[in-house]
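Read-outs throughout are calculated quantities, based only on the coordinates presented, and are distinct from any laboratory measurement. The structure displayed is predicted, hence computed values, not measured ones. When we count neighbours, we look across all protein chains shown, and the Cβ atoms used for this are built from the backbone with ideal geometry, even at glycine.
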Amino acid sequence: MTSEEPKQASVVETPDDDEMIDRGSGNFLADQGIEDTDEFRVKAHLCHEIAATIEGAGLTQDQAAKLVGLAQSDVSRIVNSRFDDYSVWKLLKVMTSLGSDVLISISPPTLEGTGVVMSHTAESLEEETSRGRPPSAS
């Protein structure tokens, strides 16, 4: 994200005035009414990683629930990305309970406005930096 003002969604009338075209702002999540799009993206990424870790370990949701100290229904909601009731911190704790290491990295500020919230797996970060590219936001 840059310091620029986010584009606003707009409605454009077509020449025959019978149809309206909704033009997005360029931020699909914001256009859908998501207030904190950075938090939403981080939670979605964590839920995806939790689901992949559970599947990769060959665990059932019930086994994973016992391992992380949650009810099976909570694990089901998390792996299905229904994360409204869970904080980023709670999802991070689930990841570490499943054996994953979590690294939080803060870069020095730049002179180009506000910073960016990014989440990466170690593999995607290594892949991007080995190509000589700075990591992209995900």
Worksheet entry | Using θ = phi - 60° and Karplus 6.51 cos²θ - 1.76 cosθ + 1.60, couplings along segment 73-87 (whole Hz; Gly, Pro as x) | 5, 5, 4, 4, 4, 5, 5, 9, 6, 9, 10, 4, 8, 10, 7
Discussion item. Calculate log10 I(q)/I(0) of segment 41-131 for q = 0.21 Å⁻¹, where I(q) comes from the Debye formula with a single equal point scatterer on each Cα and nothing for solvent.
Written reply: -1.03
Worksheet, complete the sentence: For segment 43-52, Karplus-derived ³J(HN,Hα) couplings (6.51, -1.76, 1.60; θ = phi - 60°; whole Hz; x for glycine and proline) come out as 4, 4, 5, 4, 4, 4, 5, 5, 4, 5
Worksheet item: In terms of modelled amide H atoms, which long-range or inter-chain residues lie less than 5 Å from the amide H of Val117?
Response: none
Worksheet entry | Highest average packing first - 97-107, 82-92, Cβ atoms within 10 Å | 82-92, 97-107
Practice prompt. Along Cα→Cβ, 7 Å out, is where each label goes; now give me the distance between the ones at Asp62 and Ser87 in nm to one decimal.
Written response: 3.1
